[in-house]
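Read-outs: derived from the displayed coordinates by stated rules, not from any lab. What you see is a predicted model; the values in this text were computed from it and never measured. Because the Cβ atoms are built from the backbone with ideal geometry, glycine has one as well, and the counts that use them run over all protein chains shown.
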């Protein structure tokens with residue numbers, strides 16, 4: 001297949017470390033001489049998502065990227081707006097007014113200064129093939145990294161490792177709730193080392209992840225049934241190639257189920273999303289990067305995490321919304337020209353899984369129709 | 001587009017011809033329009049009290065006028081607890097709270113509550129069930145001394161109330177037996193007798209009825225290929241379905257029977273049908289097994305159907321109720337953050353909570369974002385759970401019939417239902433969890449009829 005992708009591989013040091021942890025020596029042993037491990041059946045191999053972290057490049061105590069400290073959250077902003085000075089205030093003019101802003105944010109000026117993440121280094125990919133002033137350089141020196149989402153969330157405690165509430169709990173709930181089970185299946189695989197034409201299909205699974213006795217480590221070789229009844233919105237098909245053991249996908253519009261706890265059912269939509277995943281017979285680990293619709297991000301944030309939970313990590317959704325709008329760099333509105341989406345990246349890990357294709361998964365009822373993925377536009 | 005009759009599990013048809021066991025103590029001033037009614041455990045009770053069958057909450061205790069009784073169990077909230085403690089003085093009293101408590105708020109307490117001039121006290125909304133001075137305890141029915149020295153009836157240690165929202169027997173508008181997620185308010189519950197099921201079983205209220213589950217919480221199923229009091233599920237069938245075995249000492253009683261499926265192996269039957277659990281069910285209250293042809297969930301009592309024209313749509317975690325165009329239906333949940341946790345999800349309560357969430361305190365935007373579901377002028381229902389009302393869309397309050405600008409809308413539990421402007425195609429549920437605490441404290445939840453991932457709680 002003609003290789004048309006221009007995406008640059010970002011083998012950042014952090015990413016390399018992530019990969020190295022899980023790939024291990026045993027993986028190499030699983031690879032056959034023909035580069036087609038035994039787990040590849042009829043040219044297919046499946047992986048299930050086990051880790052999904054917004055790619056936030058951190059220096060010790062954030063001194064480089066957040067020299068002025070971290071952003072304030074709902075509680076701090078409330079205190080600044082309504083100081084405890086003995087004034088009697090109504091619920092309507094305070095709490096309910098602020099809660100209304102969560103759901104109907106604006107881009108008008110506010111009295112709070114939003115602290116963008118600075119610095120020159122970020123994880124991510126060059127999504128537009130250009131090197132711009134606003135771009136970052138990867139930890140390994142690749143220029144042109146598009147990750148304006150990092151500017152918006154890099155100085156918000158909620159998204160920072162290891163104790164940010166969203167950083168931690170998004171992954172806790174990814175693993176705990178089967179509604180969040182996201183799988184990719186590679187087909188047409190002739191080799192896990194070099195193959196210039198493979199196809200990716202995404203599905204929602206229905207089952208718990210297979211772990212070791214600690215419950216914290218995910219074991220390859222599990223089985224996941226495809227949710228053929230209600231998981232149609234997760235389905236997508238797109239192309240990729242494998243270069244020196246790294247899966248490099250074309251851009252695609254992909255929906256990932258991403259609900260939190262408390263009986264929520266949210267999902268996240270990525271436009272022009274692409275993978276760079278180090279592949280083995282047991283794992284697929286690396287970066288997924290693409291554009292996130294700003295309105296959809298804000299909607300996901302608020303329908304997943306209440307103001308109470310956002311307060312845990314000093315995340316003010318209305319302030320972040322303003323920042324996202326200001327920093328948005330993709331998918332201009334056809335009428336206004338205003339950018340509607342923002343470049344982003346996530347560090348992800350998948351574990352090999354056998355994907356069970358039940359008859360109803362392919363013979364979909366009316367609502368389950370495989371998505372046709374549009375070629376990315378920026 | 002599927003109409004409601006094709007929904008969810010087909011269980012109604014599956015159990016349509018089964019035996020109804022009359023509820024001897026039920027006052028039945030209202031008879032839900034469903035085929036079977038749930039049987040319950042009889043218990044001695046003081047004079048005047050009884051049991052009333054209801055549309056969606058099963059049998060409930062009622063007072064001498066047939067009005068539903070409620071209790072208010074203590075609940076831990078984020079920053080403290082509130083509610084009634086067992087065998088203690090009832091907390092719901094003649095106190096008019098003027099400030100919020102901060103029990104469910106990221107912000108400090110002490111904010112002035114809305115519409116103070118008309119705000120009722122707790123006992124004006126939840127009327128204590130007063131006991132005469134010489135009242136005698138009967139079984140679980142006891143009395144508690146109130147703040148003013150009067151006595152209040154209690155059941156199982158919790159004081160009993162009636163709701164200002166209920167006007168006639170069979171109405172359960174004050175609260176529901178359906179479970180909610182963790183961050184819901186400290187809600188009241190209907191006081192109810194125990195369902196008459198063997199210890200191996202239980203009954204849970206879900207959006208489609210009173211679902212029979214085993215004692216752990218897994219759904220019970222029946223199979224069309226079984227005969228009356230005869231199981232035909234052997235060999236291959238047993239790989240997917242596990243008969244619910246009855247102990248050797250178990251006795252048949254009422255709707256519950258026992259068959260011997262093999263020498264020494266007994267199996268429970270319900271309304272003459274052998275019952276099973278599904279091997280692949282991973283979550284409580286699952287309805288996945290009803291997708292297998294011939295297999296059905298079991299209900300002690302099905303909910304009445306929604307009015308004609310409503311539809312059911314497949315969505316991203318299950319099935320939702322939708323309007324005639326396929327737009328998902330939403331319910332609005334609200335209880336204020338005062339210590340008495342008064343409801344604010346009803347048109348006769350302050351509307352500023354809802355207006356903040358649905359429109360940023362802009363009534364027109366609220367109406368555009370969460371439109372009411374319009375009912376035809378001649379709309380009628382044959383039950384108490386679905387109804388209509390006239391509403392002033394700019395205030396959110398009830399209006400006189402045919403008043404200028406008023407809308408005639410559908411209601412569920414005597415409260416308006418809504419659609420969402422952000423839902424584009426059938427099955428979209430984009431406003432699910434919209435509001436404070438994911439739509440449970442002050443916000444909107446999709447009207448899920450079935451979910452395959454979240455235990456079928458509301």
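Neighbouring Cβ atoms from other chains, within 10 Å of the Cβ of residues in B:447-456, number 4 on average.
Were the residues from residue B:324 through residue B:455 laid out at 0.36 nm apart, the gain over their Cα-Cα distance would be 44.5 nm.
When only alpha carbons are used to place a centre, segment B:269-317 and segment A:144-184 end up 36 Å from one another.
Listed peptides B:218-224, B:119-125 appear in the order B:218-224, B:119-125 once ranked by packing, highest mean of other Cβ atoms within 10 Å at the front.
The Cα atoms of segment A:83-151 define a convex hull whose projected area, averaged across directions, is 7.4 nm².
Per-residue ellipticity at 222 nm computed for the protein assembly as shown from its helices equals -3500 deg cm²/dmol, with DSSP H segments shorter than 4 residues left out and the rest contributing -39,500 (n - 2.57).
Mean partner shielding of peptide B:421-432, defined as the number of other chain Cβ atoms within 10 Å of each residue Cβ, is 2. The stretch between residue A:42 and residue A:93, if pulled fully straight at 0.36 nm per residue, gains 12.0 nm over its current Cα-Cα span.
When each of the peptides A:233-243, A:282-292, B:35-45, B:250-260 is scored by how many other beta carbons lie within 10 Å of its residues on average, the order from highest to lowest is A:282-292, A:233-243, B:35-45, B:250-260. The simple Förster model, with R0 at 60 Å and r as the Cβ-Cβ distance, assigns residue A:132 and residue B:124 a FRET efficiency of 0.40. Need one word for the protein assembly as shown: rounded, prolate or oblate. Basis is the Cα gyration tensor (sqrt eigenvalues a ≥ b ≥ c); a/c below 1.5 gives rounded, then a/b vs b/c decides. Because a/c hits 1.5 or more and a/b fails to exceed b/c, the protein assembly as shown counts as oblate. Between residue B:117 and residue B:138, the FRET efficiency estimated from the beta carbon spacing at R0 = 56 angstrom works out to 0.85. Remark: B:130, B:298, B:457, B:216 ranked as B:216, B:130, B:457, B:298, counting other beta-carbon atoms within 10 Å and listing the fewest first. A Förster radius of 56 Å combined with the Cβ-Cβ distance from residue B:230 to residue B:362 puts the calculated FRET efficiency at roughly 0.35. Among beta bridges from DSSP that stay inside segment A:13-362, the antiparallel ones total about 95%. Each residue, residue A:109 and residue B:194, gets one label point 7 Å from its Cα in the Cβ direction; the gap between the two is 6.7 nm. Label positions at residue B:182 and residue B:421, each projected 7 Å from the Cα along the C-beta direction, are separated by 3.4 nm.
Specify whether the C-alpha gyration tensor of chain B places it in the rounded, prolate or oblate class, a ≥ b ≥ c being the square roots of the eigenvalues: rounded for a/c under 1.5, otherwise prolate if a/b is larger than b/c and oblate if not. In terms of gyration-tensor shape, oblate. Can you pull the percent of Cα pairs in segment B:311-451 with separation above 26 Å? Roughly 20 percent, rounded to a whole number.
The simple spin-label model puts a point 7 Å past each Cα toward its Cβ; for residue B:81 and residue A:35 those points are separated by 6.3 nm. Here the peptides A:179-186, B:300-307, B:60-67, A:102-109 are ranked by packing, the mean other Cβ count within 10 Å, and the order with the highest first is A:179-186, B:300-307, B:60-67, A:102-109.
Sort chain A into rounded, prolate or oblate with this rule: let a ≥ b ≥ c be the square roots of the eigenvalues of the Cα gyration tensor; rounded if a/c is under 1.5, and if a/c is not under 1.5, prolate when a/b is larger than b/c, oblate otherwise. Cα axes put chain A in the prolate bin.
Inter-chain Cβ neighbour count for A:101-108, averaged per residue, equals 4 (cutoff 10 Å, partner chain atoms only).
Each residue in A:157, A:316, A:191 was given a count of other beta-carbon atoms within 10 angstrom of its own, and listing them fewest first yields A:191, A:157, A:316. A straight line joining the Cα centroids of segment A:255-277 and segment B:377-424 runs 35 Å.
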